[in-house]
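Down below is the structure, laid out as C-alpha cells.
The values are calculated or read from the model by the stated rules, or taken from the named source; none is laboratory data. Please read these numbers as outputs of a predicted model, since none were measured by experiment. Backbone-built Cβ (ideal geometry, glycine too); neighbour counts: all protein chains shown.
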Amino acid sequence: MDTYQKWLEEEKAWIGTYCGKIRRQSLCITTPAILVGTTIIIGGLSAIGGSMEDFGYGAFGGFMAGAMICAIYLLILLPGLNPKRYARKIEKSVKGLSLSETEKELLAREMLEADEKHKISYTIAGPGSKGTPGRFVLTPHFAFLEGSTPYAILVRLSDIARIGRGEEKKTATQRSGNTKRVYWFTLYTIGFYRKDRFQRNLTEKDLPDEAFGFFDAGIREQVMRLLAETGIRVE
C-alpha cells in the first residue's frame, strides 16, 4: 500500500468511528423506539371503544407501519454512513488541486506525520450537523479541513497570497412535526486568496478562492493562529 492509500485508510478509520456510533444509535435506539411507539399508539387508538381483539389488530397494524417507516429511514441513512463515501470526497478535493503523483505522496506523508500541535479536533454544533466530528490539519505545504460542508477542503499553501477573516449571517429552518422555525446564525469564515487572482480578472473585492466555515468563533481563531505560522499574510 502506498503512502497516499495509507492516508485514505486512516481517514476512513477516523470518520468510521462516527459512522459506527450513528449506526448503533439508529439500529438499537431509534428503530426500536419507532416500532414500539407506532405499535402502542395505533393499538391504543384501535382499542378506544373497542375490545382487546381490536387492540391486537391495531397493534399489529402499528407495528407494520413502524417497520415501513424504519425501512425507509434506514435506506436513506445507512448508505451515507459508509466511510468509503467520505474517502471519495477527500479524493475529490485532492483532484481539485490537480496534484501530481509526487505531490499526492507529499500530501499523504505530511498528513500522516502531522503533530498534534498542528491539529484541531472538535465537534460541529450547528444546523443539521448532528454532532459530526470536524478536524483541521496544518502541514508545511497544505491546510486541510474535514467534517464541514463540503466535507473536505484542501488548500495548497504555496498558491495563497493572503488569508482573511469573515462573518456571514445565515438562516436555517428547523422542522418539528407540523411546525417550522426559522432562525439566524453566524458562520465564521476563513478566506484564502490565491496569488493568480489578477490573471483571472479577480479583484480584492471578489469572493475568496476557497473558504473554511465554522459555527464557533473560538475554533475559527484557533485555526487562524496556526495559519499565522505559515508566514502568509493574515488579515
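For the reader, a short list of remarks on this structure follows.
- Residue within region 211-218 that is touching a helix residue (DSSP H, G or I) at 6+ places or on another chain (Cβ under 8 Å), surrounded by fewer than 16 Cβ atoms within 10 Å (Cβ to Cβ) and touching a residue at least 24 places away in the same chain (Cβ under 8 Å) present: no
- Among the conditions (1) touching a strand residue (DSSP E or B) at 6+ places or on another chain (Cβ under 7 Å); (2) of a type outside the set (S, T, N, Q); (3) more than 28 Å from T123 (Cβ to Cβ), I40 misses just one, which is (1).
- Every pair of residues 6+ apart whose Cβ atoms lie under 7 Å, when the first sits in region 1-19 and is farther than 16 Å from V137 by Cα and in a helix (DSSP H, G or I) while the second is β-branched (V, I, T) and at pLDDT below 95: Y18/T132
- Residues of region 77-132 satisfying the condition of being in contact (Cβ under 8 Å) with a residue 60 or more places away in the chain, more than 17 Å from Y18 (Cβ to Cβ) and basic (K, R): K92, K104, R109
- Any chance I160 is touching a helix residue (DSSP H, G or I) at 6+ places or on another chain (Cβ under 9 Å) and either of a type in the set (A, V, I, L, M, F, W, C) or surrounded by 15 or more Cβ atoms within 10 Å (Cβ to Cβ) (or both): yes
- Matching residues in region 188-216 - criterion: being in contact with a Lys or Arg (Cβ under 6 Å, 6 or more places away or on another chain) and part of a strand (DSSP E or B): Y188, Y193, F214
- Evaluation of A47 against (1) surrounded by fewer than 16 Cβ atoms within 10 Å (Cβ to Cβ); (2) over 22 Å from I153 (Cα atoms); (3) free of Cβ contacts under 8 Å to residues at least 12 places away in the same chain (one fails), failing number: (1)
- Top-ranked residue of region 142-164 - restricted to ones that are small (G, A, S) and part of a strand (DSSP E or B), ranked as farthest from the chain's Cα centre (by Cα): A161
- Residue that is surrounded by the fewest Cβ atoms within 10 Å (Cβ to Cβ) [pool: residues in region 179-199 that are of a type in the set (F, W, Y) and within 22 Å of E168 (Cβ to Cβ)]: W184
- Whether a residue is of a type outside the set (D, E, K, R), modelled with pLDDT of 85 or more and out of contact with any Ser or Thr (no Cβ under 7 Å at 6 or more places or on another chain) was assessed, and T186 passes this test.
- Boolean, L202 is surrounded by 11 or more Cβ atoms within 10 Å (Cβ to Cβ) and at pLDDT below 90: yes
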